[in-house]
Every structure is written in structure tokens, then in C-alpha cells.
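Step one of this worksheet: look at the structure below.
The values are calculated or read from the model by the stated rules, or taken from the named source; none is laboratory data. Note that the structure is a prediction, hence the values are computed from the model and not measured. A quick note on method: Cβ atoms are made from the backbone with ideal geometry, for glycine too, and the neighbour counts reach across all protein chains shown.
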Amino acid sequence: MKSNKVMLITGATSGIGKALADHYYKKNYKLILVGGTKEKVDKLKRKFKNNVLAICADLTKPTDIKKIVRESINRFKKIDILIANAGLYEPDKILSGNPDRWDRVISVNVTSVFRLVNLVLPHMKKNKFGDIAITSSISGHQAIHWEPIYSASKHAIQSFAHGLRTQVAKNNIRVISIASWDFNEEGAKLVKRFKKLKSLKIHSSHSLTDKAVEEMIKAPNLELLEIRYAHPLPPNAVAIISTKKSLRNVDLGHSEPITKEQFVQLKKLPNLSYLRVSNSTSFTDSYVDMVKDMKLNFLDINGSAITDKGLLDLAECKNLKALRVSLVPEQLTEAGVKAFKIKNPNIKISVVGAFGSSSGVSSGNANLDGLLEDVARKVKKQRNR
């Protein structure tokens, strides 16, 4: 059945945009597909034969944005649906970052959307109908410290979408911004239908329940489960997760702190090799013995309450190949990291930076200079045996 709807998709050569193009082409929509590289756009032209206009455009250039709308109207006479999906990602440090790259992020993620909507709206208003969907992000709802420019761009898009929605509602034009999916029990029941699903990632869900966790782990081949920014983390979630024997990777980063009881439950997973409990302030030196009993290859305890002493004890983990931590003045210091590297050079340790301090790395503990020397002597003695 032929559709009379005309849909314009930016960022159509990969990811979400490409998936949408495939889906709506099968539903016989007339499509305008926009990409940033000629090679990829030419590939679209070869793939989609009928009722498709593929355009190569640089969204940082106002003239190219005008060209997109002009050619679309010339070909199809209208635009019913706009999916502003194109985006650039730029994790960066403000002190050492490149402002020119930031300008490009803002230009593509924000300004191009403003300009494209401005040019499309008159045609939608004339037809008394239109749908506008703007791809946003979790970063549009909360500031992510390692991607401040990208977060700023998505916050801007969220505000723009809300304001635009109010202004154009009277013209029968609907506006949505697409960000995180609040994962609930209804959604979880769908997961088990995916028999080949091996990886499931859920971020910033505020409706997650124990029942939802029970449903999602019914996916028969699930090996990687990522539940980040879960506030609250359902009370029995960890216990339920610990019954899924096929899990190899568990990521509970930036969720509520993991208790000792919950950590004991995670030990029940026989194949667990990757564990992320970043920002779990309850993780102290007393957890180290439990880690030693596990077969972990990777452990992320960035933002934990572990000290230099606990870190040194972690160096005794036989299976650990990589460790991620963050420095905390007077608690976990650069000297402690050096002692760790001397004691076990086979474990790759990644240091996030001074946590809770803008002054950088501090040696903190006066006793650590002696500790370093002591560790060095012991290692040298063992090698000489």
C-alpha cells in the first residue's frame, strides 16, 4: 500500500537515521534522506530506488540547509514529517578542549535544527499538518561531567522542543524530543522475545521495578546487562540479576551505592568477568576481600571510598587485568597508584582524576612515601629469589 506521507530525515546514513530510513521505505513513505558524506549518500541512492531523494549536505552551512528544503519541496511539494536526527558527539575537557570543535557540535546539534525547523514550518502550516521529532539524549536531562559541550547542546534542544511545541500546537503540528526511554514492566516483557539478544543497556530509568528486572533477564542469551543512573535501584534488583548465570558483564555505574550484601550476591554469577560499580560511595576497603574471591578481569570503582591501603590489597587479585579508579585527596592518591603499579604491573590501572578536588593529584598520606619504598623493596626481593 502506497503512503502519501513525505518524511525528511537528517543523519540518515547511520545509526537511528539509517534504521528509520529502512523501516519507512518498507512502508512506502516518500523519503528525503540527508547525509554528510558523498560516499555514504551515494550508497543510499543505490539502495533506495523509488520515491527517495538523497541529499549530501553540510549542516553547519545555512546555504546547504536551504538547499535541503528547496530540493525537497521541488520534488515532493510538501514535508509532512521532519526527523532532526543528525548530531555530533564531542567528549572534551574545557581547559584543554578545542573551541572550534565545540562550535561545530553546537552548529550541527542545535543551530541546524533551529534553521531547518524555521524553513519547514511554513510548509507544514500551509498544509495544516506536521510532525517534528528531534533526537535528543539523556544528556539533555542531566549534566554529564565528561561531555559538557554535548550536554549543553542537548539541553538546548530540549528547551527548544518544549517552546516550539507550545507555539505550533494551534497549527496541528506536533513536536517531540526523543531521549531516554523510561524502562518499565511493560517494556521489560518485550525483551524476552528477543531470543538472540546478548546485550541490554538501560540508562536513567525512573520506573524500573523488581518485576521489570525479573522480566528482562528472561532473555535467554543475555550476557551483558547495563543499568546506569538508576535512582532508585529496585531493592531486589541485584539479587534478581545474580540469578542470571549467563551474565558476563554487569554495569551498575552511577546507580545507588552497592551494599556488601548485594556484592555477595554478585559473587554468585559464575561467568562474571566485567563489573562496573562507579560512583558507589559504599565501596570501601572492606569490599576488597570479596573482589579477590571473584574471577573479575575488569573492575570499575571510580568514585568509590577505597583508600590507598585497599587499592594495594586489590593488586593481589589473580584474575584482574584492568582497574578503573578516581583519585581522592587524603584517601586515594597518586602515591597509592604508584605503589599499586609496583606491586602488580600486570594490572592496567586507569585513573579518572582528582575526585572532589580541582587541584589535581595529591600525595595526601604522609606514610605513603615509606609505603612506596617498602613495596619496591619487597618486589625487588621477590624477583631476586
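Condition check for Asn302 on (1) of a type outside the set (A, V, I, L, M, F, W, C); (2) assigned to a loop (DSSP other than H, G, I, E, B); (3) over 21 Å from the mean Cα position of the chain (by Cα): one failure, at (3).
Could you please find all residues in region 305-345 being part of a strand (DSSP E or B) and among the basic types (Lys, Arg)?
As a first pass, look at region 305-345 and keep what is part of a strand (DSSP E or B): 322-328, 332.
Hit for region 305-345 is Arg324, nothing else.
Test Tyr287 against the stated conditions and say whether it is within 30 Å of Lys192 (Cβ to Cβ) and either surrounded by 19 or more Cβ atoms within 10 Å (Cβ to Cβ) or not assigned by TED's automatic domain parsing to the domain that holds Ile349 (or both). Even if it seems obvious, please write down each step before you answer.
Values: within 30 Å of Lys192 (Cβ to Cβ): no; either surrounded by 19 or more Cβ atoms within 10 Å (Cβ to Cβ) or not assigned by TED's automatic domain parsing to the domain that holds Ile349 (or both): yes.
No, not satisfied.
Being surrounded by 18 or more Cβ atoms within 10 Å (Cβ to Cβ), out of contact with any strand residue (DSSP E or B) (no Cβ under 6 Å at 6 or more places or on another chain) and not acidic (Asp, Glu) is a property that Leu59 has. Checked against (1) modelled with pLDDT of 95 or more; (2) within 29 Å of Ser139 (Cβ to Cβ); (3) buried (at least 17 other Cβ atoms within 10 Å of the Cβ), Ser72 passes all but a single condition, namely (2).
Going by the conditions given, is Ile176 touching a residue at least 24 places away in the same chain (Cβ under 8 Å) and within 16 Å of Met7 (Cβ to Cβ)? Yes; evaluated as a whole, the condition is true for this residue.
If I filter region 201-241 down to residues being among the small types (Gly, Ala, Ser) and at pLDDT below 85, which single residue comes out as surrounded by the fewest Cβ atoms within 10 Å (Cβ to Cβ)?
Looking only at region 201-241, we keep the residues that are among the small types (Gly, Ala, Ser), and these are 204-205, 207, 212, 219, 230, 237, 239.
With the extra rule that they be at pLDDT below 85, the set shrinks to 204-205, 207, 230.
Details: Ser204: 20, Ser205: 23, Ser207: 12, Ala230: 21.
For region 201-241, the residue satisfying everything is Ser207.
Out of Lys154, Lys78, I need the residue that is touching a residue at least 40 places away in the same chain (Cβ under 8 Å) and assigned to a loop (DSSP other than H, G, I, E, B). Which one? I'd like the intermediate steps shown before the answer.
Working: Lys154 fails: assigned to a loop (DSSP other than H, G, I, E, B).
Testing whether each residue is touching a residue at least 40 places away in the same chain (Cβ under 8 Å) and assigned to a loop (DSSP other than H, G, I, E, B) leaves just Lys78.
If you scan region 49-75, which residues turn out to be assigned to a strand (DSSP E or B) and not β-branched (Val, Ile, Thr)? Give the derivation first.
If we filter region 49-75 for residues that are assigned to a strand (DSSP E or B), which is where we start, we get 52-56.
Residues satisfying the conditions are Leu53, Ala54, Cys56.
In this structure, Lys66 does not satisfy being in the same structural domain as Phe129 (by TED's automatic domain parsing), modelled with pLDDT of 95 or more and surrounded by fewer than 14 Cβ atoms within 10 Å (Cβ to Cβ).
Of the residues making up region 1-47, those that are crowded, with 20+ Cβ neighbours inside 10 Å and either part of a strand (DSSP E or B) or not assigned by TED's automatic domain parsing to the domain that holds Val69 (or both) are Val6, Met7, Leu8, Ile9, Thr10, Lys30, Leu31, Ile32, Leu33, Val34, Gly35. Considering region 58-69, the residues that are without any contact (Cβ under 8 Å) to a residue 40 or more places away in the chain and either among the acidic types (Asp, Glu) or in contact with a Lys or Arg (Cβ under 8 Å, 6 or more places away or on another chain) (or both) include one that is nearest to Ser136 (Cα to Cα), namely Asp58. Six or more apart or on different chains, Cβ under 6 Å: which pairs go from a residue in region 181-208 that's under 17 Å from Ile241 (Cα atoms) and not assigned by TED's automatic domain parsing to the domain that holds Ile240 to one that's among the aromatic types (Phe, Trp, Tyr) and at pLDDT 80 or above? Could you list them? Close Cβ pairs satisfying both conditions: none exist.
Just checking, how many residues over region 132-151 are at pLDDT 90 or above and either surrounded by fewer than 19 Cβ atoms within 10 Å (Cβ to Cβ) or in the same structural domain as Ile227 (by TED's automatic domain parsing) (or both)? Full working, then the answer.
Residues of region 132-151 at pLDDT 90 or above: 132-134.
When the remaining residues are screened for being either surrounded by fewer than 19 Cβ atoms within 10 Å (Cβ to Cβ) or in the same structural domain as Ile227 (by TED's automatic domain parsing) (or both), the result is none.
Result for region 132-151: 0.
Per the conditions (1) within 30 Å of Ile83 (Cα to Cα); (2) buried (at least 21 other Cβ atoms within 10 Å of the Cβ); (3) outside the structural domain of Phe129 (by TED's automatic domain parsing); (4) of a type outside the set (Gly, Ala, Ser), the sole criterion not satisfied by His254 is (1).
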